[in-house]
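In what follows, a single structure is set out as structure tokens and then discussed.
The values are calculated or read from the model by the stated rules, or taken from the named source; none is laboratory data. Please read these numbers as outputs of a predicted model, since none were measured by experiment. Virtual Cβ from ideal backbone geometry, glycine too; neighbours counted across all protein chains shown. When the accessible area is computed, the model is the full protein with side chains, heavy atoms only, and any ligands, DNA or RNA have been set aside. Shrake-Rupley method; radii C 1.70, N 1.55, O 1.52, S 1.80 Å.
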Amino acid sequence: MQRFDLTGKVAIVTGGNGGIGFGMAQGLADAGASLLIVGRNAEKNAAAKARLAAAGGRVESFIADLAQEQPVRDTIADAVRRFGRLDILVNNAGINIRKAPQDYTLAEWQRVIDINLTGLFVACHAAYPVLRQAGGGKIINIGSMMSLFGTPFVAPYAASKGGVVQLTKALATAWAKDNIQVNAVLPGWIDTELTQRARAEVPKLNERVLDRTPAGRWGTGQDMAGIAVFLASAASDFITGTAIPVDGGFAAQG
Ligand code: NDP
């Protein structure tokens, strides 16, 4: 449908080489967008690029550690250099370090905040003049159920993901006048490398997720494709500053 058509649009998906980012990238590619996927791992980038290119669109990849300012700025510049424009920024790259709050070193705290929150802000900051000059654009920030809830083993992660939602609202109000819509997506429990590690580290996590999620299953990367297309397309032009759970009902469960 034309309302959801992304033909001619250019999207950056950070962390687009796997998990949730790959699912979102696949949705955007299927809807016609050209893509720059970003990650640290060259092999993962190459494999994802090959799979995404099968949708028929142009796909490029970029190696960057988004914990540092310059590589984030280089990412935005690389998209503009290669494609000549930028329309959609999906800030998805993220990490978690799980332990009790009192056991974190300051370096561990900082690492999580640097990637999940500061890197995301720098990407928005660098993309803003490009999107404004183009007459508008879409920013999609990935939060978490930990944007809403706490658990005992995620202090810096929860702080970063709560910050992502508040930052999203602040940017949405500032940039609405530029026709830039900024929204957050809050995934529930999605089966990815990140959560496979969590399953290994947190006793009975699998049972607790299945029990607490009304849909009765883990989400998949594919479950994230539709929301990416919606928030990247003209279908969502009057939606900004929201945080939308994609969680099989997890956040609605009392
Ligand atoms: P994965 O670990 O499967 O993927 C993470 C992605 O981010 C990879 O593509 C990785 O690429 C990239 N990445 C990580 N750190 C950096 C960095 N410093 N610089 C550049 N790229 C980086 O995680 P998920 O797909 O599960 O998570 C994606 C996002 O969704 C994260 O923000 C996460 O917090 C969030 N989320 C996930 C949930 C889940 O249940 N899975 C639930 C809620 C939120 P590479 O290895 O090449 O660097």
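Quick notes on this one:
- Filtering the range 30-60 to residues that are of a type in the set (D, E, K, R), more than 10 Å from the ligand (Cβ to nearest atom) and in a helix (DSSP H, G or I) leaves Asp30, Lys49, Arg51.
- Every residue from the range 86-108 that is among the charged types (D, E, K, R) and either surrounded by fewer than 16 Cβ atoms within 10 Å (Cβ to Cβ) or in contact with a helix residue (DSSP H, G or I) (Cβ under 6 Å, 6 or more places away or on another chain) (or both): Arg98, Lys99, Asp103, Glu108
- Every test in (1) of a type in the set (A, V, I, L, M, F, W, C); (2) more than 16 Å from Val229 (Cα to Cα); (3) outside any strand (DSSP E or B) is passed by Leu6 save one, and that test is (2).
- Residue within the range 107-126 that is hydroxyl-bearing (Ser, Thr, Tyr) and within 13 Å of the ligand (Cβ to nearest atom) present: yes
- Filter pass, Ile20 being touching a Phe, Trp or Tyr at 6+ places or on another chain (Cβ under 8 Å), crowded, with 24+ Cβ neighbours inside 10 Å, on the phi < 0 side of the Ramachandran plot and modelled with pLDDT of 95 or more: no
- Long-range neighbours under 7 Å by Cβ, at least six apart or interchain, first residue modelled with pLDDT of 95 or more and surrounded by 12 or more Cβ atoms within 10 Å (Cβ to Cβ) within the range 186-213, second of a type in the set (Lys, Arg) and part of a helix (DSSP H, G or I): Asn206/Arg199
- Residues of the range 26-35 classified as in contact (Cβ under 8 Å) with a residue 40 or more places away in the chain and either at positive phi or in contact with a strand residue (DSSP E or B) (Cβ under 7 Å, 6 or more places away or on another chain) (or both), total: 3
- Among the residues examined, Leu148 does not qualify as closer than 23 Å to Ser233 by Cβ, hydrophobic (A, V, I, L, M, F, W, C) and at pLDDT 95 or above.
- Cβ-Cβ under 8 Å pairs, at least 6 apart or on other chains, the range 50-66 side surrounded by 15 or more Cβ atoms within 10 Å (Cβ to Cβ), far side at pLDDT below 95: Val59/Ala53
- Residues in the range 150-179 that are more than 16 Å from Gly241 (Cβ to Cβ) and touching a residue at least 12 places away in the same chain (Cβ under 8 Å): Pro152, Phe153, Val154, Ala155, Pro156, Tyr157, Ala158, Ala159, Ser160, Lys161.
- Taken over the range 1-17, residues that are buried (at least 24 other Cβ atoms within 10 Å of the Cβ) and without any contact (Cβ under 8 Å) to a residue 60 or more places away in the chain amount to 1.
- One residue from Val80, Val182, Val165 being under 16 Å from the mean Cα position of the chain (by Cα), of a type outside the set (Lys, Arg) and open to solvent by 10 Å² or more (accessible area, probe 1.4 Å): Val165
- Any hit, the range 9-19, residues being more than 12 Å from the ligand (Cβ to nearest atom), in a strand (DSSP E or B) and closer than 23 Å to Ser144 by Cα: yes
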